[in-house]
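Following: one structure in structure tokens, then a few remarks.
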Amino acid sequence: MIDILLTVLAFNILIVLFKVFHKLNIDNLQALIANYFTAGLCGIYFSDQEFSINYILNAPWLMHAVIIGILFIVVFNFYATGTQKVGIAITTIANKLSLFVPVGFALMLYPNEELTLVKIIGFILAVVGIYLSSTQNKKLSFDKKYLWLIIIVFVGQGIADTIFNHAQQTLVGDADKSLFFTVLFMMAGISGLFILIGKSVKKRKPIKLKNIIGGVIFGVPNFASLIFFFNALESSGFAASQVFPVVSMGVVVVSALVGLILFKEKLSTMNWIGLGFAVLSIFMITFL
């Protein structure tokens with residue numbers, strides 16, 4: 001359980017840093033690229049294995065790490081575009097609901113997973129909690145021509161989480177854990193560089209020191225968040241179909257409270273009800 005709590009804490013540190021980035025006018029893409037390379041270096045530093053290109057190229061988890069790394073930066077860019085085209089609320093809901101992709105695959109693929117009536121009710125409460133806590137108005141509307149953006153965010157994040165869970169369940173041992181994250185983060189950083197170069201062709205943005213510094217600061221808790229999340233899937237005592245929604249709902253609840261306390265963000269009655277559903281879903285999925 002401690003790894004789940006540490007995962008929620010680390011993810012919320014990232015959320016706070018993103019809010020600080022916005023206030024300091026830090027370029028998210030440049031910061032994220034620096035963050036991924038920093039997190040990759042953390043993987044090398046904390047690895048129990050000697051860094052070996054030959055070992056990595058022959059590792060059974062190599063393609064998993066490469067695909068996840070690419071999806072990380074690609075999904076983020078579509079998420080950023082989605083917030084501009086269809087709004088923050090709808091894009092955030094799609095991103096959060098993607099947790100049901102790895103949950104569904106876990107229930108189908110792994111023998112330690114069990115779908116019970118209580119768990120189903122918990123999942124339903126999680127969906128309601130995500131919707132209510134992410135919206136300010138009762139009705140959501142958007143230009144249907146941008147529906148593909150929402151689908152890509154939902155499917156892309158869901159596939160990344162599913163592959164991550166599969167790697168943890170079947171391929172990555174304790175000794176390889178940090179090397180796995182090194183490849184994952186380095187691949188995300190390299191992919192980010194290609195995206196940055198592509199965007200620079202249309203509109204050149206100067207690389208600023210504050211963006212790099214912000215990314216380096218972001219990279220350490222980002223590395224920690226995935227390590228804790230991996231450990232939660234591995235040894236928390238809970239099945240993956242429990243860990244994913246519990247972590248997601250924990251992040252929803254804590255981030256809302258952090259926003260209220262640190263950034264004076266207002267929560268509507270609907271938001272508070274959503275947080276209540278989220279807490280109830282955590283209890284039902286975890287303890288019943």
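The values are calculated or read from the model by the stated rules, or taken from the named source; none is laboratory data. Just so we're clear, the structure is a prediction, and the values are computed from it rather than from any experiment. As a convention, Cβ positions derive from the backbone with ideal geometry for all residues, glycine included, and neighbour counts pool all protein chains shown. Surface accessibility is based on the protein's heavy atoms, side chains included, excluding ligands, DNA and RNA. Shrake-Rupley method; radii C 1.70, N 1.55, O 1.52, S 1.80 Å.
DSSP loop (so not H, G, I, E, B), at most 14 other Cβ within 10 Å: list which trypsin sites (Lys or Arg not before Pro) in the range 188-288 pass both filters. Present the calculation step by step, with values, prior to reporting the outcome.
Details: sites: Lys199, Lys202, Lys203, Arg204, Lys208, Lys210, Lys264, Lys266; in loops: Lys203, Arg204, Lys208, Lys264, Lys266.
When the trypsin sites (Lys or Arg not before Pro) of the range 188-288 are filtered for loop state and at most 14 Cβ neighbours within 10 Å, Lys203, Arg204, Lys208, Lys264, Lys266 remain.
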Query raised in the report: Which value results for Rg/Rh of the chain when Rg is the Cα radius of gyration and Rh the Kirkwood radius based on the inverse mean 1/r?
Result: 0.95
Report task. Measure off, as a whole percent, the carbon and sulfur share of the 1.4 Å-probe accessible area of the chain, all protein chains present. Result -> 70 percent
Report task. Please report, in whole Å, how far the alpha carbons of the range 1-51 spread along each principal axis, starting with the longest. Result -> 39, 30, 11
Query raised in the report: Taking the alpha-carbon set of the range 1-100, what are its Rg and Dmax in Å?
Result: 16.3, 46
Query raised in the report: Within the chain, which complete DSSP H helices have Cα atoms spanning at least 20 Å along the helix axis and a mean Kyte-Doolittle hydropathy of 0.5 or higher?
Result: 2-23, 28-46, 62-85, 117-134, 147-170, 177-202, 209-235, 240-262, 269-287
Report task. Give the share of C-alpha pairs in each 5 angstrom bin for the range 177-223, from 0 to the last occupied bin, in whole percents, shortest bins first. Result -> 5, 17, 19, 26, 18, 10, 4, 1
Report summary line: Computed over the range 92-250, protein heavy atoms only, probe 1.4 angstrom, the accessible area per residue in square angstrom equals 47 Å²
Requested in this report: Calculate, in whole percent, how much of the Cα-Cα pair population of the range 153-259 lies beyond 16 Å.
Outcome: 71 percent
Query raised in the report: Cα-based Rg of the range 52-204 per 2.2 N^0.38 Å, rounded to two decimals?
Result: 1.21
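Rounded, prolate or oblate for the range 118-205? Axes are the square roots of the Cα gyration tensor eigenvalues, ordered a ≥ b ≥ c, and the cut-off for rounded is a/c under 1.5. Walk me through the intermediate numbers first.
On the way: a/c = 2.95, a/b = 1.12, b/c = 2.62.
Here the range 118-205 falls in the oblate category.
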**Report entry** Probe 1.4 Å - accessible area at Glu234, Å² to nearest ten
**Finding:** 70 Å²
Report summary line: Quick note, the range 225-276: a/c under 1.5 would make it rounded; otherwise a/b > b/c is prolate and the rest oblate (a ≥ b ≥ c, C-alpha gyration tensor); here it is oblate
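For the range 88-147, report the convex hull volume of the alpha-carbon atoms normalised per residue, in Å³, without decimals.
Working: hull volume 6.0 nm³, N = 60.
Given the Cα convex hull of the range 88-147, per-residue volume reads 99 Å³.
Just reorder Tyr36, Tyr146 by solvent-accessible area, largest first, 1.4 Å probe, all chains present.
On the way: Tyr36 15, Tyr146 50 Å².
From most exposed to least exposed: Tyr146, Tyr36.
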